[in-house]
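One structure is given here, and the rest of the page talks about it.
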Amino acid sequence: MGSTASTPAGPVEAAQRAEQLRALVRYHQHRYYALDDPEIGDQEFDALFNELRALEATYPDLHTPDSPTQRVGGYVADRFEKTRHPAPMLSLANAFSPEDLRAWRDRLHRLLSEEERGRLAYVVEPKFDGLTVVLHYADGIFTLGATRGDGENGETITANLRTVRSLPLHLPADQRSPLAPPARLVVRGEAYVDKADFERFNARQAEAGERAYANPRNFAAGSLRQLDSGITAGRPLKIWVYQALIVEGGPALPSHWESLAYLRDLGLPVCPDIRRFTDDDFDALAAYVDAFGRRRHELPYEVDGIVIKVDSLGMQAELGFTGKDPRWALAYKYAGEEAVTTLLDIVVNVGRTGAVTPNAVLEPVQVSGVVVKSATLHNEDYIRDLDIRIGDKVVIKRAGEVIPKVLRPLPELRTGEEREWTMPETCPVCGAALVRPPGEAATYCVNNACPEQLVRAVEYFVGREAMDIAGFGIKQAELFVAQGYIHDLADIYELPWDDIRALEGYGDKRVDNLRAGVEASKERPIHRLLTALGIRFVGAVVAELITQHYHSLLDLMAATPEALNEIEGIGPKIAESVREYFSVDSNRALIEKFARLDVRVAEEAPAAPVGAQPLAGFTFVVTGTLPTFSRDEAHDFIKAHGGKVAGSVSGKTSYLVAGESAGSKLDKARQLGVPVIDEAELRALAGEA
Ligand code: IVH
């Protein structure tokens, strides 16, 4: 993710981007550390942080002393005493794929001598999702405990930590152990809550009408940040210890593995789900990392990845750090975040194609920083094949930006109260019989007059990607369909404006604006109209491809699938779908009606681009209102300078050009670490002053 963000073209862009990133990182750190109320998930935050760090590495001048990369990433609240850590509490570099993991190993191989490579081994540990704690013991007595804070100084929460039952107050914890306690011991670990305890706690809170915590990490942080340790004592907190920071007056500990064994012998809570692999066995390590990812939901505690560490402490010291991350450790994050919640109900939605999709109504749950209340269940077969029942505990996944989906039920948690679900026989909106065509997984409402289908089709038609009619959204679509003003998409251009003025909430100004928006959309390039029709498989990108060859929708209506198939990027599926659409009389009539109503259905073939192509190789997405360019002008400008234009932000986007009131695309670009530029920067990139 973060690693794929493209680098800005030059130092000017880099400086602006770095400035932006610093502000973003600070803002999200504040939400996370100070407010315990993160807006984005760890993965998304890491992407921002990593991009900033990469920029500062490429342009050392950008390394300002107040950059959040200079701190380990934290925030010290004022209400607790501060403790200076014996060493900075470092963070971990992230990996997101098996390739990243191999690349890390290759780097280690390059940095270590041949002799060291022969002895190289790794320890693999869960990455616990809780709150970092630093624990100090003097002569075996627990004397001080602190949070990570900003990495240099943490909050002193000794009294609260003393209430955590899995934390021994004396070492060795077992009085019968022959071990002598070390004179000084400082360890790092994670305070966390078991998933089941967390659920129980939240359920009780809800019963008592009190606030529930969004996730186990917030629970741990919130519980340890209580000024009254009596409250903390009532919280089911636990601790895993995963690093010996200082051992004085104890045995020589040459490796991480041995130091963990020592901490365990002293009675400190060291997680048993820890493995050691030699470098020769790296394939087995990779397989373990993969398998752990699949079974991590079965663990009693929450994890947000797995940590791989070089075992030898000597090699660790030699490998050292880059910035704030040790070279000797890596946090492997699994793609997409998953969570378990209850399936409260299954409802069906009618889409613009008439497809009826079952949707899960979920007990709200936090997944990678976002509260998820519904998820797709795809179709009838999906539910039947997986035996998903209403009332089940289900695993849901939110991968990247896609709509969350229900992955599978957890039948082992059934109580017997669960109910099987069947697809309704009639459309929940219009009451017409639903049809499932043979060989298809989807069920359709085939009533062309189904108002819900029309509402969805209108909503899509007027949307940003399509005809982009300002002030026209789902509310207007619902209203105008319900009023009987719209029976087909072209009716949008024949709305009875005087009648609309009489509707509640539709004053003159609003109607004039709406009408101006509708009028303006008549001039949109034809690829937008083609997109807006909502033909299956013909989204913005395909529509553009098609209209580079067909400059008139009237010509396109007559095109054979074979001819369409010739177009690069258009396969038989798309070609057949287009043919099918235009084989329906009412669809052909619709295009003719657009033409009659002066909506542009044909345009001149554009001249071949000439001149310099400074934007060649870059893909841009434009969003929001730009100061001087209209959306189309910006697109034309980009193309004229050799750049490509895409409709939605993805990992392949080089830049998001954002103006005023940029919406979800801006959020998405930030999440993916796609550089965001404004119109002036776009012009500068293209070589214009
Ligand atoms: S080692 C220098 N091991 O992950 C290495 N960290 O992204 C320091 N964490 O703030 C960290 N489980 O709170 C390490 N087994 C584990 C961990 C772990 C969870 C947390 C830790 C740190 C964050 C870094």
Run lengths n ≥ 4 of DSSP H only: what is the helix-derived mean residue ellipticity at 222 nm for the chain, with -39500 (n - 2.57) per run over all residues, to the nearest 500?
-10000 deg cm²/dmol
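Past the 23 Å Cα-Cα mark, which pairs from LYS333/LYS652; LYS333/LYS405; LYS238/LYS324; LYS509/LYS665; LYS195/LYS333?
Details: LYS333/LYS652 21 Å; LYS333/LYS405 19 Å; LYS238/LYS324 27 Å; LYS509/LYS665 29 Å; LYS195/LYS333 19 Å.
Where the Cα-Cα span goes over 23 Å, the pairs concerned are LYS238/LYS324; LYS509/LYS665.
Keeping every protein chain present and rolling a 1.4 Å probe, give me the accessible area per residue for region 471-600 in Å².
Numbers: 6370 Å² over 130 residues.
Ligands and nucleic acids excluded, the result is 49 Å² per residue.
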Per 10 angstrom bin, beginning at 0 and ending with the bin that holds the maximum distance, the Cα pairs of region 463-509 fall in percents of 23, 61, 16, 0
Relative to 2.2 N^0.38 Å, what does the C-alpha radius of gyration of the chain come to as a ratio? Two decimals please.
1.12
Calculated Rg and Dmax of region 394-506 using C-alpha coordinates, Å
19.4, 61
Percentage, to the nearest whole number, of Cα pairs in region 485-614 over 17 Å apart
63 percent
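Enter the accessible area per residue of region 174-272 (Å², integer; probe 1.4 Å; all protein chains in place). Please list the in-between numbers first.
Values: 4520 Å² over 99 residues.
Accessible area per residue, region 174-272: 46 Å².
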With all protein chains present, region 358-500 has a carbon and sulfur share of its accessible area (1.4 Å probe) in percent of 51 percent
Taking the dipole about the Cα centre of the chain, with the C-beta of Lys and Arg at +1 and of Asp and Glu at -1, give me whichever of LEU343, PRO38, PRO168 is farthest to the positive side.
PRO168
With the contact rule set at Cα under 8 Å and sequence spacing of 6 or more, what percent relative contact order holds for region 109-223?
29 percent
So for region 88-139, using the alpha carbon gyration tensor with a ≥ b ≥ c as root eigenvalues (a/c under 1.5 gives rounded; past that, a/b versus b/c decides prolate or oblate), I'd call it oblate
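Keeping every protein chain present and rolling a 1.4 Å probe, give me the accessible area per residue for region 320-461 in Å². Let's see the in-between values first.
Working: 6620 Å² over 142 residues.
Heavy-atom SASA per residue in region 320-461 reads 47 Å².
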Debye equation applied to the C-alpha atoms of region 391-447, log10 I(q)/I(0) at 0.13, 0.20 Å⁻¹:
-0.58, -0.93
Cα atoms only: what Rg and Dmax, in Å, come out for region 267-411?
20.0, 65
Once Lys and Arg get +1 and Asp and Glu get -1 on their Cβ, which of TRP497, ASN565, VAL133 lies farthest toward the positive end of the dipole of the chain?
VAL133
Under 1.5 on a/c is rounded, so check that first for region 437-490, then, if it is not, pick prolate when a/b is larger than b/c and oblate when it is not; a ≥ b ≥ c are the square roots of the alpha carbon gyration tensor eigenvalues.
oblate
Alpha-carbon centroids, region 289-357 and region 612-689: separation in whole Å
32 Å
Scoring the chain by relative contact order with C-alpha pairs under 8 Å, at least six apart, yields a percentage of 11 percent
In a shell of Cβ-Cβ distance under 12 Å around LYS644, excluding LYS644 itself, what net charge do Lys and Arg (+1) and Asp and Glu (-1) give?
+1
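Dipole size in debye (nearest 20) for the chain around its Cα centre, Lys and Arg Cβ +1, Asp and Glu Cβ -1? Each step should come with its number before you reach the end.
Values: 77 positive and 101 negative charges, 301 e Å.
Taking the Cα centre of the chain as origin, the dipole is about 1440 debye.
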Over the alpha-carbon set of region 110-218, work out the extent along each principal axis and list the three values in angstrom, largest first.
62, 39, 31
Environment charge of ASP283, counting only residues whose C-beta is closer than 13 Å and scoring Lys/Arg +1, Asp/Glu -1:
-2
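With +1 on each Lys and Arg Cβ and -1 on each Asp and Glu Cβ, and nothing else charged, work out how big the dipole of region 235-357 is about its Cα centre, in Debye to the nearest 20. Walk me through the intermediate numbers first.
Numbers: 13 positive and 18 negative charges, 89 e Å.
Result for region 235-357 is approximately 420 debye, rounded to the nearest 20.
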Cα to Cα, under 12 Å, and not fewer than 8 places away if on the same chain: which aspartates and glutamates meet these conditions relative to LYS644?
GLU544, ASP636
Which one, LEU120, ILE574, ALA686, projects farthest toward the positive side of the charge dipole computed for the chain from Cβ point charges (K/R +1, D/E -1)?
LEU120
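Apply the Kirkwood formula to region 246-314: the hydrodynamic radius equals the inverse of the mean of 1/r over all pairs of different alpha-carbon atoms; give it in Å with one decimal. Kindly include the intermediate steps, with their values, before the conclusion.
On the way: mean 1/r = 0.0719 Å⁻¹.
By the Kirkwood definition, the hydrodynamic radius is 13.9 Å.
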For LYS593, the aspartates and glutamates lying under 20 Å Cα to Cα, once residues fewer than eight places off in the same chain are dropped, come out as GLU459, ASP468, ASP488, ASP491, GLU494, GLU519, GLU523, ASP555, GLU580, ASP585, GLU603
Hey, got a sec? Which GluC sites (Glu not before Pro) in region 418-519 land in a DSSP loop and have at most 16 other Cβ atoms within 10 Å?
GLU420, GLU425, GLU440, GLU465, GLU504
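The values are calculated or read from the model by the stated rules, or taken from the named source; none is laboratory data. On a predicted model such as this, the values are computed, not experimentally measured, just so you know. Note that we place each Cβ from the backbone using ideal geometry, even for glycine, and neighbour counts take in every protein chain shown. SASA here: full protein model, heavy atoms, side chains in, ligands and nucleic acids out. Shrake-Rupley method; radii C 1.70, N 1.55, O 1.52, S 1.80 Å.
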